[in-house]
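The values are calculated or read from the model by the stated rules, or taken from the named source; none is laboratory data. Nothing here was measured: the structure is a model prediction, and the numbers come from that model. Here the Cβ positions follow ideal geometry from the backbone for every residue, glycine too, while neighbour counts run over all protein chains shown.
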Amino acid sequence: MKQKNRIRIHVSNGSVKQRLMLSSSIILCAGFCLAFALVALLVQKQYQEEFTKRLDASLAIMETQGNKIWANPQKYAREESDRLSAVGQQVRITVLDSNGDVVGDSEQPGDVDDNTVKGNHLGRPEIVQAGKSGRGYNVRLSENAGERFYYAAVRLPNQGYLRAALSIADLDRVTRKFWVGSLMSLLLGLILICTVTWFMADRFTLPIRDLTKVARRISEGDLSGRMQGQYTGEIGDLTHSFNIMAESTEQAVLQTQKKQEQLEGVLQGMDDGVLCVDRNNRIVFLNQRARELLHARDFKEGGILDGSLLIRQLADRMRSAGEAGEGEPARRETLTTGGPKERQYNVYIAPIPGKREDGEVLAVIADVTRMRRLEQLRSEFVANVTHELKTPLTSIRGSIELLRSGDRDEETRRYFYDVLDIEAERLHHLIDDMLVLSQIENAKEDPSARRCNLKEELMATIERLRPVAEKASVALELDADASLYCDCSPTRIGQLFGNLIENAIKYNVPQGRVTVIARQQRHMAIVRVRDTGIGIAQEHLDRLFERFYRVDTSRSREIGGTGLGLSIVKHLAALYHGEVSVESEVGKGSTFTVRLPLSTE
């Protein structure tokens with residue numbers, strides 16, 4: 001359930017430089033172009049005013065010579081043009097009648113305009129303007145000469161027109177040179193401003209680049225990254241605030257990681273399995289215990305929850321809980337596996353609050369097989385104890401009632417007294433065995449344990465039971481190594497082997513034999529109690545060490561067994577970190593093997 005805390009940084013130092021250079025270039029170009037355009041317009045305006053004055057002066061003189069003009073318009077135009085040329089003014093003179101037809105032109109026979117000499121000029125802009133206001137001006141390109149001319153026209157008193165044209169080719173050449181020089185200056189200015197801007201931007205973006213590097217380190221998991229160096233102004237405030245933010249982020253992330261590790265440690269250390277899936281049945285989280293309970297050690301987060309029948313049942317229950325929504329209370333389900341080794345699981349399933357969109361569902365899985373088994377054993381134990389107590393008590397009560405019912409002869413009374421004594425002794429043995437069992441079945445260690453010689457304890461036990469064996473016509477034999485030492489209580493170890501040897505005697509046949517063999521095997525003492533008795537069927541071996549379990553109930557009661565002896569043997573062996581096992585064949589006898597760790601002293 002780990003979550004990565006990442007900071008995404010979208011800063012480009014190159015874009016800052018490019019934007020600064022682009023902005024500076026645009027401002028420079030706009031400023032240069034505006035300045036050059038204003039200068040060009042002022043120059044053209046000045047030239048135009050000069051041309052207007054010159055042409056107006058010439059036309060003012062000529063328009064007073066109406067009679068001379070109309071006497072011979074062509075001659076007048078040529079003479080007047082020559083006169084102006086003599087004073088350094090190259091002016092073209094054109095005389096038009098009231099209809100706009102050319103009647104005299106200083107450039108005859110050719111015309112510098114796109115019309116012929118005899119063409120009509122009434123539609124020319126300067127003629128139109130002169131017709132309206134007395135004077136007209138216009139600048140345009142002459143198609144014949146390939147140059148631009150400045151035209152000025154006046155309306156003559158007799159309704160004709162006099163036009164003067166002055167070439168402005170020199171002005172155009174000056175203007176072109178001006179623009180070429182301006183463009184060169186602009187180019188040099190751009191190179192200079194870009195160079196200066198580049199170095200200024202590089203210096204300006206240095207703290208930004210440092211900030212980006214540190215931020216990238218933090219985003220990649222290095223939370224110790226901090227801004228170094230002394231910066232002033234807004235950049236200084238920014239770096240200071242950034243360092244404070246980085247410190248706060250580091251503390252928050254470390255605290256979150258610590259809490260996450262604590263939570264994960266708790267989840268991984270639980271005895272119950274914890275499993276979380278999303279709406280697509282994909283595993284979001286599962287702890288190690290869940291893997292063990294589901295027998296799915298290869299399951300990984302992000303994988304699909306699928307597999308055995310148990311897993312599919314669990315997936316169906318979780319999917320159903322997810323579809324019900326987070327408002328539903330937690331569900332408690334009981335899942336059972338089939339087969340000879342059946343196991344039971346209690347599963348608590350509930351949608352995770354706040355995860356409705358993801359459809360995440362949490363399941364807590366508890367293996368209750370052992371608890372159910374213990375409950376069953378407890379129930380069986382109560383029933384068995386009740387039965388075991390009821391049988392002798394019934395016999396005792398019956399004997400007492402018979403004794404009370406009337407006069408009995410001495411022999412009859414003695415018989416009933418013997419019955420009462422036997423049943424009381426049976427109750428005594430049953431209570432003693434139950435007390436012993438209650439003391440040892442939950443004990444972890446025996447405080448009375450000490451270093452004991454196993455051969456000596458076996459010899460003492462055999463000698464104690466020898467009268468019982470002689471009465472049953474059973475021979476006892478011991479073959480034990482003298483150097484076997486175990487850490488145990490002499491009393492408890494006597495109970496352990498006493499129960500085994502006594503059972504071997506009771507369930508033996510007349511003229512039978514009980515052999516006790518004790519050997520060392522590595523760091524363990526191996527003690528085998530072998531008899532030549534009636535043997536035990538295979539179907540009883542698995543349950544032989546259960547409390548009150550009897551192979552032959554009638555024979556067991558006949559010989560006075562309580563049904564707790566082998567259970568005591570099992571728990572005593574476990575108390576001393578050992579174990580007991582049995583091998584048997586009907587009609588040939590049984591062998592009980594006890595393995596106990598040797599003393600380390």
- [ ] Pick out the one residue from Ile517, Ile501, Ile534 that is more than 60 Å from the chain's Cα centre (by Cα) and in a loop (DSSP other than H, G, I, E, B).
- [x] Ile534
Task: Whichever residue in the range 416-431 is of a type outside the set (A, V, I, L, M, F, W, C) and surrounded by 14 or more Cβ atoms within 10 Å (Cβ to Cβ) and, among such residues, is modelled with the lowest pLDDT - done: His429
Open item on the list: With the structure loaded, tell me whether Leu223 is modelled with pLDDT under 75, surrounded by 13 or more Cβ atoms within 10 Å (Cβ to Cβ) and outside any helix (DSSP H, G or I) or whether it fails that test.
Closed with: yes
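Kindly evaluate Arg513 against the criterion of being surrounded by 19 or more Cβ atoms within 10 Å (Cβ to Cβ) and of a type outside the set (Phe, Trp, Tyr).
So Arg513 fails the test.
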Task: Pairs, first at pLDDT below 80 and crowded, with 20+ Cβ neighbours inside 10 Å in the range 93-122, second of a type in the set (A, V, I, L, M) and assigned to a loop (DSSP other than H, G, I, E, B), C-beta under 7 Å, six or more apart - done: Asp111/Val117
Task: Test result for Asp542, within 16 Å of Thr593 (Cα to Cα) and surrounded by fewer than 21 Cβ atoms within 10 Å (Cβ to Cβ) - done: yes
Open item on the list: For the range 136-167, give me the residue count where each residue is surrounded by fewer than 19 Cβ atoms within 10 Å (Cβ to Cβ), touching a residue at least 60 places away in the same chain (Cβ under 8 Å) and touching a helix residue (DSSP H, G or I) at 6+ places or on another chain (Cβ under 8 Å).
Closed with: 4
Open item on the list: Suppose we filter Thr175, Thr212, Thr197 for residues that are in the same structural domain as Ala130 (by TED's automatic domain parsing), under 30 Å from Ala130 (Cα atoms) and not hydrophobic (A, V, I, L, M, F, W, C); which single one remains?
Closed with: Thr175
Open item on the list: It is to be established whether one or more residues within the range 205-220 are in a loop (DSSP other than H, G, I, E, B) and closer than 30 Å to Glu247 by Cα.
Closed with: yes
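Can you tell me which residue within the range 131-146, out of those that are at negative phi and at pLDDT below 80, is nearest to the chain's Cα centre (by Cα)?
Here the answer is Leu141.
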Open item on the list: Take the conditions crowded, with 17+ Cβ neighbours inside 10 Å and touching a Leu at 6+ places or on another chain (Cβ under 8 Å) and apply them to Leu305. Does it pass?
Closed with: yes
Open item on the list: of a type outside the set (S, T, N, Q) and under 51 Å from the mean Cα position of the chain (by Cα): which single residue out of Phe149, Phe178, Phe204 fits that description?
Closed with: Phe204
Task: Qualifying positions in the range 270-324 - modelled with pLDDT of 75 or more, farther than 19 Å from Arg343 by Cα and among the β-branched types (Val, Ile, Thr) - done: Val277, Ile283, Val284
TODO: Filter the range 67-91 for residues that are under 17 Å from Arg155 (Cα atoms) and in contact with a strand residue (DSSP E or B) (Cβ under 9 Å, 6 or more places away or on another chain) and give the result.
DONE: Ile69, Trp70, Pro73, Tyr76, Ala77
TODO: With the checklist (1) in contact (Cβ under 8 Å) with a residue 24 or more places away in the chain; (2) surrounded by 15 or more Cβ atoms within 10 Å (Cβ to Cβ); (3) not in a loop (DSSP other than H, G, I, E, B) in hand, flag the one item Asp202 doesn't pass.
DONE: (2)
- [ ] Out of the residues in the range 432-454 that are closer than 24 Å to Arg397 by Cβ and of a type outside the set (A, V, I, L, M, F, W, C), state the one that is surrounded by the fewest Cβ atoms within 10 Å (Cβ to Cβ).
- [x] Asp432
Task: Verdict on Ser248 being assigned by TED's automatic domain parsing to the domain that holds Cys33 and either touching a strand residue (DSSP E or B) at 6+ places or on another chain (Cβ under 8 Å) or small (Gly, Ala, Ser) (or both) - done: no
TODO: State all residues of the range 425-449 that are free of Cβ contacts under 8 Å to residues at least 12 places away in the same chain, of a type outside the set (Asp, Glu) and in a helix (DSSP H, G or I); if no residue qualifies, say none.
DONE: His428, Ile431, Leu435, Ser438, Gln439
